[in-house]
Each structure stands twice: as structure tokens, then as C-alpha cells.
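Asks: First the structure, then my questions, so here it is.
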Amino acid sequence: MPYSLKDKRVLIVGGSSDIAAALATDLLQEGARVTLAGRNIEKTTVAAKSIGDTVRPIALDLSDEESIKAAADQVRADGGLDHLVSVATERSNGPVASLERRALLAAFDAKVVGPILLAKHFAQLIAENGSLLFFSGLAAWRPSPGLVAMAATNGSVSTLASALAVELAPTRVNAISPGVIDTSNWDTAVPDKQEWFRHIATSAPVGRVGDPSDVSAAARALLINPYITGETLHVDGGARWS
């Protein structure tokens with residue numbers, strides 16, 4: 001059955017990221033009605049305005065259930081949702097010996113506990129043929145030293161998507177697992193961003209790093225297909241196999 005995103009109501013959590021901006025822009029072009037949600041409402045408002053005048057910003061802190069509930073109440077008052085996408089993340093990288101409990105809990109709030117609470121408060125607002133979409137990541141399938149927290153949270157996201165797909169049926173729940181994507185997050189994550197990207201490109205089967213548009217295309221594919229649920233779509237250029 002053909003499914004269009006025209007006039008669909010989509011909430012993107014973690015709305016100030018480059019991937020959120022790419023997805024929101026593409027959704028607008030397809031006629032969707034987009035709301036961006038973020039912990040910092042000022043930053044989220046700036047991000048929304050940079051994408052389009054019709055994009056609405058709302059406050060939502062994944063580490064605060066009352067904030068999540070308040071955002072859900074606001075969405076309910078506006079008539080509900082068709083899709084919820086959470087791209088939120090919180091880095092907690094480093095050797096196990098140096099990891100701090102506070103940072104670990106923040107990482108799990110963003111990727112695991114927060115999405116569970118999103119499902120708790122928003123699932124009942126999702127329209128027929130709608131869905132929840134969460135973000136996993138390559139570290140869960142290719143762990144490396146210093147990325148224990150990232151591997152654990154990303155792996156949990158995929159398990160969570162499958163479990164929620166069963167519990168919340170017929171509402172669909174899926175996950176996306178991006179590889180290395182060219183975003184501003186890498187500007188400070190590595191000493192030399194472009195050199196790091198060249199290194200990744202030489203080992204990736206597709207011969208390049210990813211672009212936010214690659215992730216947006218995959219996300220929209222999951223949103224429009226009413227016969228996919230409980231799955232993790234890998235958007236990593238084949239990096240799991242290299």
C-alpha cells in the first residue's frame with residue numbers, strides 16, 4: 001500500500017544535530033509537518049528557524065520524565081503524531097578505567113532510558129501506520145577500545161526496537177545504525193577530521209564516509225514502509241564487514 005509523508009506529523013528529538021536538520025529539511029520537501037524537540041529550547045528554536053518557518057520547536061529533556069510528559073501533553077493538544085524520531089545522543093567515550101558514572105548514566109538516558117520513556121508517553125499518540133524510530137550505531141557491531149559505553153548503548157537501542165515493536169504493535173518501532181557520518185560532531189572528536197575521514201574511506205567498501213543525506217534517506221524509507229518493524233537498518237557503507 002503506497003504511503004506518503006505529505007501532511008504527516010513528525011517529531012524529531014535531538015533536533016539541533018546535523019542529521020536532524022537533514023531529515024527535517026527532506027521531510028518538509030515531502031510535505032510533512034515537522035516539530036523539533038531538544039533539551040535547550042533556545043538552541044532548538046534557532047535550529048528550527050534555520051530549516052523553515054513552519055518547523056516548530058518544543059522543549060524535551062530525555063533525562064527528565066516530567067519534561068517528556070509535558071512535551072507529550074503538548075503534542076496531544078495539537079492532535080497527536082504520525083512518527084517520532086529520536087536522534088539524540090550523549091558521548092561517554094574513553095577507557096573503562098576513566099569512565100565516570102554520571103557520564104555513563106547520561107549516555108544511557110539519551111539512547112536507552114529516554115527512548116523507553118518516549119515510548120511510554122508518546123506511543124498512544126501515534127496514528128495508524130505511524131512509527132517510532134531510534135538511532136543505534138556502528139560501535140555496537142564493531143566495538144573498539146575506548147567505546148565501551150557507545151557500544152553498550154547502541155546495542156541496547158536495537159534490542160529495544162525489537163522489544164517495543166512486539167509490545168506496541170501495531171505501532172511500528174525500528175532503529176537505524178549509522179556508520180561514520182560527516183557531521184560537525186567530528187570537528188572536535190578527532191585531531192584531524194579530514195585525515196580521519198580519508199582513513200575511514202580507504203577501509204569502507206563504498207569508499208567514502210557517510211553524509212547526513214544518506215541517513216535521512218534511510219530514515220524516510222523506514223517511516224513510509226508500513227511492513228517493516230522491529231528492525232535495525234545499517235547505514236554504514238558496509239563498515240561492519242571491513
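The values are calculated or read from the model by the stated rules, or taken from the named source; none is laboratory data. Nothing here was measured: the structure is a model prediction, and the numbers come from that model. Don't worry about glycine lacking a Cβ; one is built from the backbone with ideal geometry, like all the others, and counts go over all protein chains shown. Side chains included, ligands, DNA and RNA excluded: accessible areas come from the protein's heavy atoms. Shrake-Rupley method; radii C 1.70, N 1.55, O 1.52, S 1.80 Å.
Asks: Does Thr45 qualify as being more than 18 Å from the chain's Cα centre (by Cα), open to solvent by less than 70 Å² (accessible area, probe 1.4 Å) and of a type in the set (Val, Ile, Thr)?
Replies: For Thr45, the condition - more than 18 Å from the chain's Cα centre (by Cα), open to solvent by less than 70 Å² (accessible area, probe 1.4 Å) and of a type in the set (Val, Ile, Thr) - is met.
Asks: Residues in the stretch 142-169 that are outside any helix (DSSP H, G or I) and in contact with a Gly (Cβ under 8 Å, 6 or more places away or on another chain): how many?
Replies: 1
Asks: Same structure, new question: Quick check on Glu66: is it out of contact with any His (no Cβ under 9 Å at 6 or more places or on another chain) and free of Cβ contacts under 8 Å to residues at least 12 places away in the same chain?
Replies: yes
Asks: Could you list all residues from the stretch 212-242 that are among the hydroxyl-bearing types (Ser, Thr, Tyr) and without any contact (Cβ under 8 Å) to a residue 60 or more places away in the chain?
Replies: Tyr227, Ser242
Asks: Can I ask one more? With respect to Leu84, is the statement that it is hydrophobic (A, V, I, L, M, F, W, C), within 19 Å of Ala219 (Cα to Cα) and touching a Phe, Trp or Tyr at 6+ places or on another chain (Cβ under 6 Å) true?
Replies: yes
Asks: All but one of (1) outside any loop (DSSP other than H, G, I, E, B); (2) open to solvent by less than 60 Å² (accessible area, probe 1.4 Å) hold for Gly207, so report the exception by its number.
Replies: So Gly207 meets the others, but not (1).
Asks: Can you name every one of the strands (runs of 3 or more DSSP E) wholly within the stretch 1-100 that holds 1 or more residues which are out of contact with any Leu (no Cβ under 9 Å at 6 or more places or on another chain) and at pLDDT 95 or above?
Replies: Filter on the stretch 1-100 gives 56-59.
Asks: Can I ask one more? Any chance you could count how many residues in the stretch 120-157 are farther than 15 Å from Ala107 by Cα and under 14 Å from the mean Cα position of the chain (by Cα)?
Replies: Here the count works out to 4.
Asks: A follow-up question, please. Do you know which of the residues in the stretch 210-242 that are hydrophobic (A, V, I, L, M, F, W, C) and over 14 Å from Gly137 (Cα atoms) is most open to solvent (accessible area, probe 1.4 Å)?
Replies: In this case the residue turns out to be Trp241.
Asks: Considering only residues that are of a type in the set (Val, Ile, Thr) and either assigned to a loop (DSSP other than H, G, I, E, B) or under 16 Å from the mean Cα position of the chain (by Cα) (or both), which ones fall in the stretch 170-204?
Replies: The answer is Thr171, Val173, Ile176, Val180, Ile181, Thr183, Val190.
Asks: Against the condition touching a helix residue (DSSP H, G or I) at 6+ places or on another chain (Cβ under 7 Å), open to solvent by 20 Å² or more (accessible area, probe 1.4 Å) and aliphatic (A, V, I, L, M), how does Val157 come out, does it pass?
Replies: Considered against the rule, which asks whether it is touching a helix residue (DSSP H, G or I) at 6+ places or on another chain (Cβ under 7 Å), open to solvent by 20 Å² or more (accessible area, probe 1.4 Å) and aliphatic (A, V, I, L, M), Val157 comes out as no.
Asks: Residue pairs, Cβ under 9 Å, 6 or more apart or interchain, first in the stretch 69-88 and within 16 Å of Thr44 (Cα to Cα), second open to solvent by 60 Å² or more (accessible area, probe 1.4 Å) and not β-branched (Val, Ile, Thr). List them.
Replies: Ala88/Arg39
Asks: Continuing with this model, one more query. With β-branched (Val, Ile, Thr) and touching a Pro at 6+ places or on another chain (Cβ under 6 Å) as the only criterion, which of Val215, Val206 stands out?
Replies: Val215
Asks: Filter the stretch 106-128 down to residues that are surrounded by fewer than 18 Cβ atoms within 10 Å (Cβ to Cβ) and in a strand (DSSP E or B) and give me whichever is modelled with the highest pLDDT.
Replies: Ala127
Asks: Within the stretch 49-105, which residues are under 21 Å from Thr183 (Cβ atoms) and open to solvent by 50 Å² or more (accessible area, probe 1.4 Å)?
Replies: Matches in the stretch 49-105: Lys49, Ser50, Thr89, Glu90, Arg91, Asn93.
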